[in-house]
Amino acid sequence: MPKVTPFLWFDTESEPAAELYTSVFPNSRILDVSRYGSAGPREEGLAMTVSFELDGQRVVALNGGSDFKLNEAFSFSIDCDDQDEVDYYWEKLTDGGEEGPCGWCKDRYGLSWQVVPEGMDALFSDPDPTKAERAMKAMFGMRKLDIAALRAAAEGVPAS
């Protein structure tokens, strides 16, 4: 069975990005760094590729130049067990980055993340469409997702 490996394109930030990601997620480590040599095309000694594991998932980051930029068309989704995990990942990934709507954010290197609490699918697919709609409307007003507020909205409890 072939393995699928995300391959991220950076200008010159692949090594510090991999260092950040492996410091934030458990079971993560840098596996290998290959560097540009005198033949180029980038500055000699600059990391060309950085292979790393992100909570066991292999990822490769390339310093390929400024031709392409990361954007929201690709993101990593983080399934969080509770609000403490949501808060932890949100804080770490938005430090130097930016908050987006509905649980999306970008880290300081421009990579997009979805920080998602457990139970979101159940809220949005509730057999009672009114509950699902209230939860969805509440999410649209959030940046970092608040599990308690989403559940309260689903139940029709006014926000405090």
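Quick notes on this structure:
- Cα long-axis angle, helix 129-140 against the chain (0 to 90 degrees, to the nearest 10): 50
- Probing with 1.4 Å while keeping every protein chain in the model, the per residue accessible area of the chain equals 58 Å².
- Partner lysines for Lys106 [C-alpha distance under 19 Å; skip if fewer than 8 residues away on the same chain]: Lys69, Lys92, Lys144
- Correct option for Rg/Rh (Cα atoms, Kirkwood Rh) [calculated from the coordinates] among (1) 0.95; (2) 1.08; (3) 1.16: (2)
- Ignoring the sites themselves, the chain has its longest run without trypsin sites (Lys or Arg not before Pro) in a DSSP loop having at most 10 other Cβ atoms within 10 Å at 70-160.
- Considering only segment 1-143, percent of DSSP beta bridges that pair antiparallel, nearest 5: 65
- Label sites at Ser51 and Thr12, each approximated as a point 7 angstrom past Cα along Cα to Cβ, lie 2.6 nm apart.
- Accessible surface of the chain [probe 1.4 Å, protein heavy atoms]: carbon and sulfur percent: 50
- From its DSSP helices (H runs of at least four residues, each -39,500 (n - 2.57)), the chain gives a residue-normalised ellipticity at 222 nm of -9000 deg cm²/dmol.
The values are calculated or read from the model by the stated rules, or taken from the named source; none is laboratory data. Keep in mind it's a predicted model, so treat the numbers as computed, not measured. Every residue, glycine as well, gets a Cβ built from its backbone with ideal geometry; the counts of neighbours run over all protein chains shown. For the accessible areas, the whole protein counts, side chains as well, though only heavy atoms, and no ligand, DNA or RNA atoms are used. Shrake-Rupley method; radii C 1.70, N 1.55, O 1.52, S 1.80 Å.
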